[in-house]
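Shown next, in structure tokens, is the structure this report addresses.
Values quoted throughout were computed directly from the atomic coordinates according to the rules given, and no laboratory measurement underlies them. Keep in mind it's a predicted model, so treat the numbers as computed, not measured. Cβ placement follows ideal geometry from the backbone for every residue including glycine, while neighbour counts extend to all protein chains displayed.
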Amino acid sequence: MLTGTTLAAIRMLVYLTQCDSQTPISPRKVALAIDESPTYLAKVANILTKAGIVRSHRGVTGGMTLALDPTDINLLEVYEACQGKFLGDFCQDVPTDFPACAFHQAMKELHESVSKVLARWNLDALKANPYSVVAIDSKIPCKLSVIAKSQASSLNISNRTTQEDEHHDNAL
């Protein structure tokens, strides 16, 4: 149902929600953080920029930031930016007073349900609980676990740098 582009977009956007909203982040840094190809993620960022979900900043300190508040970006918008309009795959449009086949009715209900769920979930909700700590250490694949691993790596690097700085300062 979700393409690789849509999944990459969601991971990128969740990562951006966890960064300073005023500081542009380079697509390369995001790509490394979420274990995605920098070239591919630049294309995904371009799609999201055209959709008005991400804002592009040029220059030496350029990069990207969210164009909207995370509460205003839902998964349906991300889906449609990456995959096009979310359409039902069932019989041709049938007037409401026409007795449609059972398959048409079932697919229409499915389409409406999925649309509502995607519209209900926004980036703020994903940011609140982007991954399960249990899932990261288990054999259950979590599509957002790369963000947790990225944060752990950057935290270890940050802590190591701080400890090295303290050691250097103490040596002086």
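Brief remarks follow.
- Take the Cα radius of gyration of the stretch 4-130 and divide it by 2.2 N^0.38 Å, N being the number of residues; the result is 1.26.
- More than 20 Å apart - percent of Cα-Cα pairs taken over the stretch 1-79: 20 percent
- Efficiency of FRET from Cβ geometry, Val60 and Ala125, R₀ 25 Å, rounded to 0.05: 0.15
- Förster radius 25 Å - calculated FRET efficiency between Lys108 and Glu80 (Cβ-Cβ, nearest 0.05): 0.85
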